[in-house]
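Comments concern the structure below.
The values are calculated or read from the model by the stated rules, or taken from the named source; none is laboratory data. Just so you know, these numbers come straight off a predicted model, no measurement behind them. Virtual Cβ from ideal backbone geometry, glycine too; neighbours counted across all protein chains shown.
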(Lines give C-alpha, C1' and ligand atoms only; values in the text may rest on other atoms or scores of the structure.)
Protein backbone atom coordinates (compact mmCIF):
# COMPACT_ATOMS: atom_id res chain seq x y z
CA UNK A 1 0.00 0.00 0.00
CA UNK A 2 2.78 2.43 0.91
CA UNK A 3 4.64 1.63 -2.31
CA UNK A 4 1.49 2.19 -4.37
CA UNK A 5 0.88 5.51 -2.63
CA UNK A 6 4.45 6.58 -3.36
CA UNK A 7 4.17 5.70 -7.03
CA UNK A 8 0.94 7.64 -7.40
CA UNK A 9 2.35 10.63 -5.52
CA UNK A 10 5.35 10.72 -7.79
CA UNK A 11 3.12 10.43 -10.81
CA UNK A 12 0.89 13.28 -9.68
CA UNK A 13 3.93 15.43 -9.04
CA UNK A 14 5.21 14.71 -12.54
CA UNK A 15 2.00 16.14 -14.02
CA UNK A 16 3.06 19.54 -12.73
CA UNK A 17 6.82 19.12 -12.81
CA UNK A 18 7.38 18.73 -16.56
CA UNK A 19 8.05 22.32 -17.52
CA UNK A 20 10.37 23.90 -20.04
CA UNK A 21 11.42 27.19 -21.51
CA UNK A 22 9.19 28.49 -24.29
CA UNK A 23 10.53 27.56 -27.72
CA UNK A 24 10.44 30.33 -30.31
CA UNK A 25 11.41 33.30 -28.17
CA UNK A 26 14.37 34.74 -30.06
CA UNK A 27 16.49 37.74 -29.14
CA UNK A 28 16.73 40.28 -31.94
CA UNK A 29 19.68 39.56 -34.21
CA UNK A 30 20.60 36.32 -32.44
CA UNK A 31 22.14 33.88 -34.91
CA UNK A 32 22.18 36.38 -37.77
CA UNK A 33 25.17 38.23 -39.20
CA UNK A 34 25.32 42.02 -39.31
CA UNK A 35 23.70 43.28 -42.49
CA UNK A 36 21.41 40.26 -42.86
CA UNK A 37 17.69 40.10 -42.20
CA UNK A 38 16.39 38.64 -38.97
CA UNK A 39 13.51 36.51 -40.25
CA UNK A 40 12.22 35.97 -36.71
CA UNK A 41 10.90 39.54 -36.65
CA UNK A 42 8.41 40.63 -39.29
CA UNK A 43 8.14 44.37 -39.85
CA UNK A 44 5.38 46.61 -41.13
CA UNK A 45 4.85 50.36 -41.17
CA UNK A 46 1.95 52.59 -42.08
CA UNK A 47 4.21 55.61 -42.50
CA UNK A 48 7.42 54.46 -44.23
CA UNK A 49 8.58 52.05 -46.89
CA UNK A 50 10.36 49.23 -45.08
CA UNK A 51 11.49 45.66 -45.63
CA UNK A 52 9.35 42.69 -44.54
CA UNK A 53 11.97 41.85 -41.91
CA UNK A 54 14.39 43.95 -39.89
CA UNK A 55 18.12 44.17 -40.65
CA UNK A 56 20.81 43.33 -38.11
CA UNK A 57 23.05 46.28 -37.28
CA UNK A 58 26.79 46.54 -36.63
CA UNK A 59 28.72 48.33 -33.91
CA UNK A 60 30.94 51.26 -34.85
CA UNK A 61 28.53 52.92 -37.25
CA UNK A 62 25.87 55.52 -36.44
CA UNK A 63 23.59 55.21 -34.53
CA UNK A 64 25.53 52.56 -32.60
CA UNK A 65 28.70 54.66 -32.40
CA UNK A 66 28.17 56.18 -28.97
CA UNK A 67 24.39 56.50 -29.27
CA UNK A 68 22.40 53.28 -29.07
CA UNK A 69 23.34 50.51 -26.63
CA UNK A 70 26.17 48.50 -28.16
CA UNK A 71 25.34 45.15 -29.74
CA UNK A 72 26.77 42.04 -28.06
CA UNK A 73 26.67 38.26 -28.47
CA UNK A 74 23.23 38.09 -26.82
CA UNK A 75 21.30 40.46 -29.09
CA UNK A 76 21.59 43.18 -31.70
CA UNK A 77 19.54 46.13 -32.84
CA UNK A 78 17.26 45.75 -35.85
CA UNK A 79 16.55 48.61 -38.27
CA UNK A 80 13.90 48.93 -41.00
CA UNK A 81 16.39 48.95 -43.91
CA UNK A 82 19.87 47.67 -44.66
CA UNK A 83 21.24 51.19 -44.15
CA UNK A 84 21.21 51.38 -40.36
CA UNK A 85 21.97 55.12 -40.47
CA UNK A 86 18.99 55.92 -42.67
CA UNK A 87 16.91 58.84 -41.42
CA UNK A 88 13.12 58.53 -41.21
CA UNK A 89 10.06 60.61 -40.34
CA UNK A 90 11.07 64.19 -41.02
CA UNK A 91 7.75 65.87 -40.18
CA UNK A 92 5.38 63.39 -38.51
CA UNK A 93 5.58 60.41 -36.17
CA UNK A 94 6.56 57.16 -37.80
CA UNK A 95 4.92 53.93 -36.62
CA UNK A 96 6.70 50.57 -36.98
CA UNK A 97 5.29 47.24 -35.84
CA UNK A 98 7.75 44.42 -35.16
CA UNK A 99 6.13 41.00 -34.76
CA UNK A 100 7.34 37.58 -33.67
CA UNK A 101 5.37 34.46 -32.75
CA UNK A 102 5.69 31.18 -30.86
CA UNK A 103 3.52 28.08 -30.59
CA UNK A 104 2.29 26.59 -27.29
CA UNK A 105 0.59 23.58 -28.86
CA UNK A 106 1.17 20.64 -26.50
CA UNK A 107 1.70 22.96 -23.53
CA UNK A 108 -0.63 24.41 -20.91
CA UNK A 109 -0.96 28.13 -21.65
CA UNK A 110 -2.29 28.66 -18.13
CA UNK A 111 1.17 27.85 -16.73
CA UNK A 112 3.16 30.09 -19.09
CA UNK A 113 5.22 33.13 -18.16
CA UNK A 114 8.02 35.18 -19.67
CA UNK A 115 10.27 38.10 -18.79
CA UNK A 116 12.41 40.23 -21.03
CA UNK A 117 13.82 43.64 -21.74
CA UNK A 118 13.84 45.92 -24.75
CA UNK A 119 15.14 49.24 -26.02
CA UNK A 120 13.81 51.44 -28.79
CA UNK A 121 14.34 54.58 -30.81
CA UNK A 122 12.17 56.35 -29.94
CA UNK A 123 9.38 54.77 -27.84
CA UNK A 124 7.73 51.35 -28.03
CA UNK A 125 4.90 49.38 -26.47
CA UNK A 126 5.10 45.58 -26.13
CA UNK A 127 1.96 43.49 -26.62
CA UNK A 128 1.30 39.78 -26.20
CA UNK A 129 -1.82 38.72 -28.09
CA UNK A 130 -3.00 42.32 -28.00
CA UNK A 131 -2.44 42.76 -24.24
CA UNK A 132 0.07 45.44 -23.24
CA UNK A 133 2.98 43.94 -21.28
CA UNK A 134 5.61 46.72 -21.25
CA UNK A 135 6.80 50.11 -22.50
CA UNK A 136 10.22 51.42 -23.57
CA UNK A 137 11.34 55.00 -24.06
CA UNK A 138 15.10 54.89 -24.44
CA UNK A 139 17.86 53.69 -26.76
CA UNK A 140 20.55 54.09 -24.08
CA UNK A 141 19.00 51.88 -21.40
CA UNK A 142 16.75 48.83 -21.07
CA UNK A 143 13.07 48.65 -20.15
CA UNK A 144 11.31 45.54 -18.86
CA UNK A 145 8.35 43.59 -20.19
CA UNK A 146 6.68 40.52 -18.72
CA UNK A 147 3.67 38.29 -19.25
CA UNK A 148 1.74 35.93 -16.97
CA UNK A 149 -0.69 33.12 -17.64
CA UNK A 150 -3.62 35.45 -18.39
CA UNK A 151 -1.77 36.90 -21.39
CA UNK A 152 -1.13 33.60 -23.20
CA UNK A 153 -3.43 31.54 -25.41
CA UNK A 154 -3.39 27.92 -26.52
CA UNK A 155 -1.58 27.37 -29.81
CA UNK A 156 -0.03 30.30 -31.67
CA UNK A 157 0.90 33.39 -29.64
CA UNK A 158 1.98 36.73 -31.10
CA UNK A 159 4.36 39.26 -29.59
CA UNK A 160 4.26 42.74 -31.11
CA UNK A 161 6.46 45.74 -30.44
CA UNK A 162 4.80 48.89 -31.75
CA UNK A 163 7.46 51.57 -32.11
CA UNK A 164 6.88 55.30 -32.56
CA UNK A 165 9.69 57.37 -34.05
CA UNK A 166 9.37 61.08 -33.29
CA UNK A 167 9.87 63.48 -36.24
CA UNK A 168 13.23 65.11 -36.90
CA UNK A 169 14.55 66.71 -40.07
CA UNK A 170 17.86 64.83 -40.22
CA UNK A 171 19.78 62.17 -38.33
CA UNK A 172 16.64 60.32 -37.31
CA UNK A 173 17.20 56.53 -37.46
CA UNK A 174 14.86 54.08 -35.75
CA UNK A 175 15.30 50.59 -34.40
CA UNK A 176 14.35 47.90 -31.89
CA UNK A 177 16.28 45.56 -29.64
CA UNK A 178 14.75 42.69 -27.61
CA UNK A 179 16.16 40.17 -25.16
CA UNK A 180 14.27 37.38 -23.38
CA UNK A 181 15.57 36.78 -19.85
CA UNK A 182 13.40 33.86 -18.75
CA UNK A 183 10.33 31.85 -19.75
CA UNK A 184 8.47 28.82 -18.49
CA UNK A 185 5.56 26.61 -19.50
CA UNK A 186 4.33 23.17 -18.45
CA UNK A 187 3.61 20.42 -20.93
CA UNK A 188 0.09 19.02 -21.16
CA UNK A 189 0.28 15.46 -19.69
CA UNK A 190 -0.55 12.64 -22.06
CA UNK A 191 -3.89 10.88 -21.66
CA UNK A 192 -2.09 7.65 -20.67
CA UNK A 193 -0.51 9.42 -17.68
CA UNK A 194 -3.89 10.63 -16.45
CA UNK A 195 -5.35 7.15 -16.91
CA UNK A 196 -2.55 5.57 -14.89
CA UNK A 197 -3.00 8.04 -12.03
CA UNK A 198 -6.79 7.58 -11.96
CA UNK A 199 -6.41 3.81 -11.96
CA UNK A 200 -3.94 4.03 -9.10
CA UNK A 201 -6.20 6.30 -7.09
CA UNK A 202 -9.10 3.95 -7.68
CA UNK A 203 -7.05 1.00 -6.49
CA UNK A 204 -6.04 2.89 -3.36
CA UNK A 205 -9.69 3.66 -2.64
CA UNK A 206 -10.66 0.02 -3.13
CA UNK A 207 -7.94 -1.18 -0.76
CA UNK A 208 -8.90 1.45 1.83
CA UNK A 209 -12.55 0.34 1.72
CA UNK A 210 -11.59 -3.29 2.19
CA UNK A 211 -9.48 -2.42 5.22
CA UNK A 212 -12.36 -0.42 6.74
CA UNK A 213 -14.77 -3.35 6.21
CA UNK A 214 -12.27 -5.73 7.79
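Summary table
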read-out	value
Among the candidates 109, 147, 136, 126, residue that is in the same structural domain as residue 63 (by TED's automatic domain parsing), surrounded by 16 or more Cβ atoms within 10 Å (Cβ to Cβ), modelled with pLDDT of 95 or more and within 25 Å of residue 61 (Cα to Cα)	136
Condition broken by residue 39, with the remaining ones in (1) in contact with a strand residue (DSSP E or B) (Cβ under 8 Å, 6 or more places away or on another chain); (2) within 13 Å of residue 174 (Cα to Cα) satisfied	(2)
Positions within the stretch 36-50 being exposed (fewer than 14 other Cβ atoms within 10 Å of the Cβ) and either part of a loop (DSSP other than H, G, I, E, B) or not assigned by TED's automatic domain parsing to the domain that holds residue 97 (or both), in sequence order	36, 46, 49
Selected residue (only one of 95, 56 is more than 20 Å from the chain's Cα centre (by Cα), assigned by TED's automatic domain parsing to the domain that holds residue 137 and at pLDDT 95 or above)	95
Any hit, the stretch 60-78, residues being in a loop (DSSP other than H, G, I, E, B) and at positive phi	yes
All positions within the stretch 94-107 that are closer than 21 Å to residue 178 by Cβ and in a loop (DSSP other than H, G, I, E, B)	104
